[in-house]
Amino acid sequence: MSIQRWDFQEQARELRGQKDLSVFDIVSIDDLSVEDIDLILSLATIFKESKSEKLSLLKGVSIINAFYENSTRTRSSFELAGKHLGADTINISGSGSSVKKGETLLDTTETLSALQAQVIIIRTEFSGMPEFLARHVSANIVNAGDGWHEHPSQALLDLKTIRDHHGSIQGKVVTIVGDILHSRVFGSLARLLKKQGALVRVACPETFIPEKGESVFGFEYFSDVEKALKDAEVVYALRVQEERGSTGYIPSMREYSKTFGISAKRLSMAHPNAILLHPGPVMRDTDVHSALVAVHEQSRILDQVENGMAVRASLLWMVGDRKDGKKKEYKIL
Ligand code: CP
C-alpha cells in the first residue's frame with residue numbers, strides 16, 4: 001500500500017518534532033553537528049519516498065536559486081526540492097542578472113532578501129562568498145558550491161548514498177581518485193568523512209595535493225591508484241576540471257586516464273561490496289570508463305542524483321522553516 005501525501009508530511013513532522021539545525025545557513029560541513037547530519041539524512045529518506053507527491057511543508061516560503069556558475073544537477077534538484085515542498089522558487093543566473101552590469105553579489109543578495117526571499121541558494125566562483133553573504137543578509141544562505149572551497153549539499157547526498165548501501169561508514173576505507181586540489185566536492189566530502197570516522201585515501205598525481213592537505217583533511221596519499229583501491233568500500237572518482245586549469249598539473253588527459261582512470265578492472269581490485277560514486281558531470285573515459293557510468297551494478301552515480309533532490313528538500317525545510325522562531329543575526333554593510 002502506498003503512503004499518501006499527508007502521511008509523508010506527518011512522518012516528516014513527527015521525525016523532526018521541534019528540532020532546528022544548529023545553524024541558520026548551510027555554508028560549510030564544519031558548521032553541522034553529527035545530530036544535524038543524522039536529522040537531514042533521515043528526513044531525506046522520507047522526501048525520497050514522497051518524490052512523486054506535492055507536499056506543503058514550505059507553502060508561502062520564497063526560495064531563490066542564484067547560480068553564477070554552470071550547473072545541471074545541483075540547480076535542478078534544488079528547484080525540484082523547493083517545489084516538492086510547496087515553496088515558491090525562482091531561478092536567476094549570472095548572464096541574465098544585474099551582476100553583469102556591475103552590481104556586487106552582496107547588493108544583489110540584499111535585493112533578493114528585500115523581496116522577502118527566506119532562502120537564497122548560491123553558486124559562485126568566489127570561495128568564501130556564501131559565508132560572507134550569510135553574515136550580511138537576512139535571508140538564510142545555502143552554499144551550492146563556492147570556488148574551490150565547499151559544496152556541502154553534495155557531500156550530504158554522497159553520505160546518504162553510502163549509508164543506503166553500507167549503513168555506517170565508520171572505519172571503512174573510502175578511496176577518492178582525482179583532482180582534489182580544485183574540487184569543492186572534495187572540500188566538503190573530506191570534512192564529512194572525517195566527522196563520520198571513515199578511513200580516507202586519496203590517489204592522484206602529486207601535483208593535485210594541496211599544501212598540508214594530508215594533515216588538514218586527514219587522508220593517506222597514494223600515487224598508485226591500484227594500491228589505493230585495495231579494500232576500499234567506496235570508490236569516489238572526481239573530474240579533472242579543465243575550466244579551473246587542472247590540465248596544467250598533468251602531462252595530458254590521456255596519460256591521466258591511463259594512470260588514474262577507473263576501469264572495470266581497477267574497480268574489481270576494490271572490496272567486492274564496493275560502490276562507485278562520482279559527483280558529475282562525468283568525463284567518460286577520463287575519470288571513469290564508459291562501461292561503469294550508469295548501468296554497472298556497482299555504480300551508484302544515478303542514485304546520487306536521486307538522493308540530491310531528497311537531501312536538498314531536507315536542507316530547505318530545515319533552513320526555510322525555523323521552529324524556534326529565532327531570526328539570525330546579521331550586519332548590513
Ligand atoms: N555535482 C555537481 O555540482 O553537479 P552540477 O555542476 O551539474 O550541479
Checklist entry - Taking Cα centroids, how far is region 263-321 from region 139-156 in Å? => result 18 Å
Item to check | Local electrostatic count at L32 - Lys and Arg +1, Asp and Glu -1, tallied over other residues with Cβ under 15 Å | outcome: -4
Checklist entry - Hey, if we sort H151, H165 by accessible area with the 1.4 Å probe, largest down, what's the order? => result H165, H151
Item to check | Rounded percent of accessible protein surface that carbon and sulfur make up, the chain, 1.4 Å probe | outcome: 51 percent
Checklist entry - Which whole-number value in Å² is the accessible area per residue of the chain, probe 1.4 Å? => result 44 Å²
Item to check | Quotient of C-alpha Rg and 2.2 N^0.38 Å, computed over the chain | outcome: 0.99
Checklist outcome for this item: Taking the square root of 5λ for each eigenvalue of the C-alpha gyration tensor of region 242-333, the equivalent ellipsoid has semi-axes, largest first and in whole angstrom, of 37, 21, 10
Item to check | Residue-wise HN-Hα coupling along region 261-275, computed from phi with Karplus coefficients 6.51, -1.76, 1.60 (Hz; x: Gly, Pro) | outcome: x, 8, 9, 4, 4, 5, 4, 5, 7, 7, 4, x, 9, 5, 10
Checklist entry - When the scattering of region 104-237 is computed by the Debye formula from its Cα atoms alone, each counted once and equally, what is log10 I(q)/I(0) at q = 0.12, 0.15, 0.16, 0.22 Å⁻¹? => result -0.54, -0.75, -0.82, -1.22
Item to check | Alpha carbon Rg of region 10-156, scaled by the compact-globule rule 2.2 N^0.38 Å | outcome: 1.03
Item to check | Sequence of T161, T247 from largest to smallest accessible area, 1.4 Å probe | outcome: T247, T161
Item to check | Neighbour count of at most 10 Cβ within 10 Å plus DSSP loop: longest GluC sites (Glu not before Pro)-free window in the chain | outcome: 1-210
Checklist entry - So for R254, R239, R312, what's the accessible-area order with a 1.4 Å probe, most first? => result R254, R239, R312
Checklist entry - If the cut-off is 17 Å between C-alpha atoms, which lysines fall inside it for K326, apart from same-chain ones fewer than 8 positions away? => result K19
Item to check | Residues of region 29-56 with amide N under 16 Å of a point placed 7 Å along Cα→Cβ from D7 | outcome: 46-55
Next on the checklist: Starting from a Cα-only point model with no solvent, please compute log10 I(q)/I(0) by Debye for region 152-299 at q = 0.17 1/Å.
Outcome noted: -0.90
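The values are calculated or read from the model by the stated rules, or taken from the named source; none is laboratory data. Keep in mind it's a predicted model, so treat the numbers as computed, not measured. Cβ atoms come from the backbone with ideal geometry, glycine included; neighbour counts cover every protein chain shown. With ligands, DNA and RNA removed, areas are computed over all heavy atoms of the protein, side chains included. Shrake-Rupley method; radii C 1.70, N 1.55, O 1.52, S 1.80 Å.
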